[in-house]
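The values are calculated or read from the model by the stated rules, or taken from the named source; none is laboratory data. These numbers come from a predicted model, not from an experiment. Cβ: placed from backbone, ideal geometry, glycine included. Neighbour counts: every protein chain shown. When the accessible area is computed, the model is the full protein with side chains, heavy atoms only, and any ligands, DNA or RNA have been set aside. Shrake-Rupley method; radii C 1.70, N 1.55, O 1.52, S 1.80 Å.
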Amino acid sequence: MIEFALRTIVAYLLGSLNGALLLGRLRGVDIRTQGSGNAGGTNALRTQGPLFAIGVIIIDVAKAWIAVKWVPGDVGPGLWLAATCGFAAVLGHVYPIFHGFRGGKGVATVLGTLLALSPLLLAGVLVIWFMMMFVFGFVGLGSMVAAGAMPLLVLWAAHAGTIGPSEFLPRLWF
């Protein structure tokens, strides 16, 4: 149990390394003082340009993937620990201890978590996100609708047999 808690804390601390704030420090800017004031990929794109935004997204996706795939190790119930570490990384991104508990919205970090837990579920989420973006043109709306659809996608995957009938979390793909 102690090791479970320690690994969850490590995942939170990893999630607290916010890509927009780290790259912003290298550039000499605090992205939270520009544009929408959010420390995420969309604000990074609007205020710092596409290369900066791509770097932010890569960092935020990668930290969640690492938190889910590497931090749990071979301890206990791997799926639950992996999912908990993914949640902790997202929580760390949204409320980063290293940046005064003011982070981003966690969308890219959720994507990294899904990439590590279930690429199939990630594909479904991305399809919904792109459809919303195409129809309405708002990143935030697409993200909210896709996040809201995730439980339905998990239930559909369970019904379709792509995950076991007793699992309500996607299985780990090795």
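The alpha carbon gyration tensor of the range 58-145 gives principal lengths a ≥ b ≥ c with a/c of 1.5 or higher and a/b no greater than b/c, which makes the shape oblate. Helix 2-15 and the longest principal axis of the Cα set of the chain meet at an angle near 30°. Which residue, 11, 116, 53, tops the fluctuation ranking in a GNM of the chain built on C-alpha contacts under 10 Å? Highest fluctuation among the options: 53.
Considering only 29, 56, 71, the Gaussian network model of the chain with Cα springs below 10 Å gives its largest mean-square fluctuation to 29. Residue ranges 40-47, 81-88, 145-152 sort as 81-88, 40-47, 145-152 when ordered by packing (mean number of other C-beta atoms within 10 Å per residue, highest first). Round to the nearest 10 and give me the degree value, 0 to 90, for the angle of helix 78-94's Cα axis relative to the longest principal axis of the chain. On a 0 to 90 degree scale, this one is about 20. Using the Cβ of residue 67 as centre and a radius below 15 Å, the other residues enclosed give a net charge of +2, where K and R count +1 and D and E count -1. Averaged over its residues, the range 22-71 has an accessible area of 53 Å² per residue, based on protein heavy atoms and a 1.4 Å probe. In sequence order, the range 124-129 has phi-based couplings of x, 4, 5, 4, 5, 4 Hz under the Karplus curve 6.51 cos²θ - 1.76 cosθ + 1.60, θ = phi - 60°, and Gly or Pro positions carry x. Here the extension length gained between residue 144 and residue 26 equals 39.4 nm, from 0.36 nm per residue of separation less the Cα-Cα distance.
The residues packed around residue 36, meaning those with a beta-carbon under 14 Å from its beta-carbon, carry a net charge of +3 if Lys and Arg are +1 and Asp and Glu are -1. Each residue of the range 20-27 was assigned a 3J(HN,Hα) from its phi angle through the Karplus expression (A = 6.51, B = -1.76, C = 1.60, θ = phi - 60°), giving 5, 6, 5, 5, x, 4, 5, 8 Hz with x at Gly and Pro.
Distances between every pair of Cα atoms in the range 14-65, grouped in 5 Å steps from 0 to the bin holding the largest one, split as 5, 26, 35, 23, 9, 1 percent. Overall, the accessible surface of the range 1-151 at a probe of 1.4 angstrom is composed of carbon and sulfur to the extent of 76 percent.
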